[in-house]
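Below: one structure, written as structure tokens.
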Amino acid sequence: MHSVVRSFRAAFVEGRFVPLLAAFGMIGMRAALFYTQGLPWIASPGDNYAWEPIAHLFARPQVSLIASTLAVFLIAWILSLLNGRFNLIRSRSNLPFTAPVFLLSLHPYFLVMSGDYIAVIFVLLAFFPLLDSYQKPDPYLCSFRASILIAVASLFQIYALFLLPLWWVGERSMRGPQFRSFVSSWFGLFLVYITVVSVYWLIDDIPRFARPLLQFISLSLPEIPRFSLLEWGGVLFVGLFFISNMIFSIKIYSRDKALTLSLMQFMVFLIVFLLFLQVVYWRETFFFLSLSLTLVSYLNAYFYSRTISKNHIYVAYGMLSLMLLLYLSHLLPSMGILL
């Protein structure tokens, strides 16, 4: 193993105190962004079932910052727990925790607590019954639990409903198509939404129930943003980085155990469709981007935990440097203007 790879693994992958240092570093990064730039204003239609009634609890900027920080910690912990419970990487690695913590602290958007965070948490929890169902002869209960979690996620972010038909691809990759599992997954969605309909029927406000569902027809292709040269370079580099990592990862996870292979293929499938949906609903929500970035963080965590190529490590260092520059461009806007 090359010395560059050994030093990278010792410093980032297997270091004993890396998660603690990453946690303090993330808190510092988010606090610096907050005290220099404040919280950005994020337009939201507010048409949802569960987030709108509690959104006022996070109206104060300090409360929103603390809640979003705790949500990022929870997302990182869930990914780390998922990796440890199913032994996906099969080696000690801190990256399933540190990668999402870092990526979800680079932009002021991630300082704001929103229903997107809660929806992402429930979607990640749905991966547990999905992986539990692997090669089980009659896993309809796992499908039912996963659909319940996705349906609850949609109460905080209605666009999470797109995941239910996409989720069936993951169900098929784990054990093949099964009619009982298919029916039970839709039955889980039915139970959640019949409860919601009942609540709105009791308060005699059925039109209010239908209003969030109308967001699906609010297509909005993005305009060309007015980015600085640094930001355009960053967008291009980040896109190429994620695409190259997905391609490079294939050579690694294609030789891994079947459970890991199925999960990684499903994650790549989800990321591609989530990014497509983000383009289609660009002005309506950033939920798809938030979830895809979370999944990409785990994909990269897996890749850099298993790679032994020094060239890949050089790319990782280059990407870390660029991400820090992008963070500094938000922390110090004058730097972004100059570049």
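The values are calculated or read from the model by the stated rules, or taken from the named source; none is laboratory data. Just so you know, these numbers come straight off a predicted model, no measurement behind them. Virtual Cβ from ideal backbone geometry, glycine too; neighbours counted across all protein chains shown. Protein only, heavy atoms only, side chains kept; ligands, DNA and RNA dropped before computing areas. Shrake-Rupley method; radii C 1.70, N 1.55, O 1.52, S 1.80 Å.
Helix-only estimate, please: 222 nm mean residue ellipticity of the chain, summing -39500 (n - 2.57) across DSSP H runs of length 4 or more and dividing by its residues, to the nearest 500. Display every interim value, and only then the final one.
Values: 16 runs with 240 residues, N = 339.
So the helix-based figure for the chain works out to -23000 deg cm²/dmol.
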Quiz prompt | Top of 258, 146, 126 by mean-square fluctuation, Gaussian network on the chain, Cα under 10 Å | solution = 258
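List the chymotrypsin sites (Phe, Trp or Tyr not before Pro) in region 36-144 that DSSP assigns to loop (not H, G, I, E or B) and whose Cβ has at most 16 other Cβ atoms within 10 Å. Which are they? Spell out each step's value before the answer.
Working: sites: 41, 49, 51, 58, 73, 77, 86, 97, 102, 109, 110, 117, 122, 127, 134, 140, 144; in loops: 41, 49, 134.
Of the chymotrypsin sites (Phe, Trp or Tyr not before Pro), the ones in loops of region 36-144 whose Cβ has at most 16 other Cβ atoms within 10 Å are 41, 134.
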Exercise. Could you please report the charge total around residue 183, scoring K, R as +1 and D, E as -1 over all other residues with beta-carbon less than 14 angstrom from its beta-carbon?
Key: -1
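For residue 187 and residue 320, what is the calculated FRET efficiency with R₀ set at 51 Å and r taken between the beta-carbons, to the nearest 0.05? Each step should come with its number before you reach the end.
Working: r = 45 Å, r/R0 = 0.89.
So, using R0 = 51 Å, E works out to roughly 0.65.
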Exercise. Name the shape class, rounded, prolate or oblate, that the alpha-carbon gyration tensor gives for region 147-199, where a ≥ b ≥ c are the square roots of its eigenvalues, rounded holds for a/c under 1.5, and otherwise prolate holds if a/b is larger than b/c and oblate otherwise.
Key: oblate
Quiz prompt | Span-rule helices in the chain, defined as complete DSSP H runs reaching 30 Å or more along the axis (Cα) with Kyte mean at least -1.0 | solution = 61-86, 179-202, 229-253, 258-280, 310-331
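Can you send over the carbon and sulfur percentage of the accessible area for region 103-210, probe radius 1.4 Å, protein chains only?
After summing per-atom areas, the C and S share lands at 73 percent.
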Exercise. Identify which of the listed values of Cα extents along the principal axes in Å was calculated from the structure shown: (1) 60, 52, 48; (2) 81, 51, 41; (3) 64, 51, 35.
Key: (3)
Quiz item: In square angstrom, rounded to the nearest 10, how much accessible surface does residue 174 have for a 1.4 Å probe?
Solution: 0 Å²
Quiz prompt | For the chain: relative contact order, % (alpha-carbon pairs under 8 angstrom, 6 or more apart) | solution = 23 percent
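Work out which trypsin sites (Lys or Arg not before Pro) in the chain are exposed loop sites (DSSP not H, G, I, E or B, at most 15 other Cβ within 10 Å) and give the longest gap free of them. If you can, show how the numbers build up before the last one.
On the way: sites that count: 16, 90, 92, 226, 255, 257, 283.
Maximal segment without exposed cleavage sites: 93-225.
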